Amino acid sequence: MKNFPNHTFQEFFAGGGMVRQAFGKGWECVFANDFDGKKALAYQQNWGANGELFVGDIKDVTAAHLTSSADLAWASFPCQDLSLAGKGKGLNSERSGMFHVFWEKINLAKVQIDLPKIIVIENVCGMLTSNGGDDFTEVLNAFNRNGYFAGALIIDAKDFVPQSRKRVFVIGIRKDVFIDPSLVSSTPLPYCHSTQLIRSYEQLDDKLQRNWLWFNISKPSGRKSDLLDILEPFDETPWNSDEKTASILAKMSGVNLKKVEAAGNVGKPVVGGLFMRTRQAGKSRRVFAEVRFDGVSGCLRTPNGGSSRQSILYVNGLDVRSRLITPRETARLMGLPDSYKLPRNNNSALHLTGDGVAVPVVKHLRECLFEHILNSKQFSKSDVEPLFSMAR
């Protein structure tokens, strides 16, 4: 869609501004926030220092920061306590509990500006099952309490970029905002509503189900690149020694070694994503090397621990090489253009990309959903609700 008027947005937990990258020039950022100074510096290096970025804890955001109304608010709040590594602490934890603080700030601004027409919450899929599903219910209750219809989509970045990165997007639409019925399905769609999401919906009470939307977005056309395509030039990156590569191969199971052997028989260079995993082996835990040759990397993570940073395995006949993935390659896996300025420090760059949201996924939502909604005329609440009932 072309020639839209400018739309405005707020980017909470902004990181390096990947949502801003996806929204493009047709959208104006009126507020952004992140507590990480290194990410904030990258944000300013890419988007300028125009006064919209508040660097500090979201708890310190005041009404004075939120004086401009926004069409959309985006919040990718910390995921650690919703993931398997978080041990089930969920939304009552210090980090993922920032979800509640986000809503406090949205309501803080309500006395002087309208609530955003659209609010998007993005996080790991563990949000659906955290605390037996109670956390997902609380997320939807927050939308309901504040006057929003809400629904969720499960989208895997691998449909756009060569990275397996499945995330849940909970999208709330303010009830006085009209949605074309074509954007709402009467039933879940297989490519964006997973079995787990459907199960989570079925566990909701009647009130939340009545305010639920099965968003109807177009199916992605398919990824145009593989892992091999995003690599930096072969001779410009530091490769592991032969001894180091041999040590990695020695940590592989028979199944993974057969994958390497099969890759060597392809007749052309093949690149696989390489991971070091700690697994139970009898009564002890051992480090195993695992590889995949499906053209897709595993999910990028921040470099907190030795096994977090991915490596690649290059196989061309009997020539087998390994090395760590580079920051620029991780940026490409997130859909960032090479013009995007990364922090010079490798760990800082990897933190930025590993914590982000895949740019093409956000762009797809923008084009398929957000801009259609925001360019429709507004109706009263009494006009809107019957349309949703018909859509169901």
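Pairs please, first residue from region 267-289 and touching a residue at least 12 places away in the same chain (Cβ under 8 Å) and more than 16 Å from ARG321 (Cα to Cα), second anywhere and among the aliphatic types (A, V, I, L, M) and crowded, with 16+ Cβ neighbours inside 10 Å, Cβ atoms under 9 Å, 6+ apart in sequence or on different chains. That search, which allows pairs on different chains as well, returns ARG277/ALA289; VAL287/MET276; PHE288/MET252; PHE288/MET276. The set of residues in region 342-370 being more than 11 Å from the chain's Cα centre (by Cα) and under 19 Å from ARG301 (Cα atoms) consists of LEU342, PRO343, ARG344, ASN345, ASN346, ASN347, SER348, ALA349, LEU350, HIS351, LEU352. Taken over region 169-204, residues that are assigned to a loop (DSSP other than H, G, I, E, B), more than 12 Å from CYS125 (Cα to Cα) and in contact (Cβ under 8 Å) with a residue 40 or more places away in the chain amount to 9. Of the residues that sit in region 61-79 and are of a type outside the set (Gly, Ala, Ser) and out of contact with any strand residue (DSSP E or B) (no Cβ under 8 Å at 6 or more places or on another chain), which one is surrounded by the most Cβ atoms within 10 Å (Cβ to Cβ)? Of everything passing the filter in region 61-79, PRO78 is surrounded by the most Cβ atoms within 10 Å (Cβ to Cβ).
A count restricted to region 242-291 and to residues that are surrounded by 12 or more Cβ atoms within 10 Å (Cβ to Cβ), of a type in the set (Lys, Arg) and part of a loop (DSSP other than H, G, I, E, B) stands at 1. Tell me, which residue of region 40-60 that is within 19 Å of the chain's Cα centre (by Cα) and under 27 Å from GLU371 (Cβ atoms) is surrounded by the most Cβ atoms within 10 Å (Cβ to Cβ)? Of everything passing the filter in region 40-60, TYR43 is surrounded by the most Cβ atoms within 10 Å (Cβ to Cβ). Any residue at all in region 292-300 that's assigned by TED's automatic domain parsing to the domain that holds ALA263, assigned to a strand (DSSP E or B) and at negative phi? Checking region 292-300: at least one residue is assigned by TED's automatic domain parsing to the domain that holds ALA263, assigned to a strand (DSSP E or B) and at negative phi. Of the strands (runs of 3 or more DSSP E) lying entirely inside region 62-158, those carrying at least 2 residues that are at pLDDT 90 or above and of a type in the set (Phe, Trp, Tyr) are 148-156. Report the residue count in region 10-20 for those that are in a helix (DSSP H, G or I) and within 17 Å of ALA70 (Cα to Cα). Going through region 10-20 one residue at a time, the tally reaches 2. Scanning region 333-341 for any residue that is in a helix (DSSP H, G or I), closer than 16 Å to GLN163 by Cβ and not assigned by TED's automatic domain parsing to the domain that holds ILE217 turns up at least one such residue. Scanning region 25-37 for residues that are in contact with a helix residue (DSSP H, G or I) (Cβ under 9 Å, 6 or more places away or on another chain) and either at pLDDT 95 or above or in a strand (DSSP E or B) (or both) turns up TRP27, CYS29, PHE31, ALA32, ASN33, ASP34. Could you look through region 156-168, keep only residues that are surrounded by fewer than 23 Cβ atoms within 10 Å (Cβ to Cβ) and either free of Cβ contacts under 8 Å to residues at least 12 places away in the same chain or closer than 12 Å to VAL120 by Cβ (or both), and pick out the one that is nearest to the chain's Cα centre (by Cα)? Looking at residues that are surrounded by fewer than 23 Cβ atoms within 10 Å (Cβ to Cβ) and either free of Cβ contacts under 8 Å to residues at least 12 places away in the same chain or closer than 12 Å to VAL120 by Cβ (or both), I get ARG167. Working only within region 224-241, note down all residues that are aromatic (Phe, Trp, Tyr) and outside any helix (DSSP H, G or I). Matches in region 224-241: TRP239 only.
The values are calculated or read from the model by the stated rules, or taken from the named source; none is laboratory data. Computed from a predicted model, the values in this text were never measured in an experiment. Ideal geometry is used to build each Cβ from the backbone, glycine not excepted, and the neighbour counts take in all protein chains shown.
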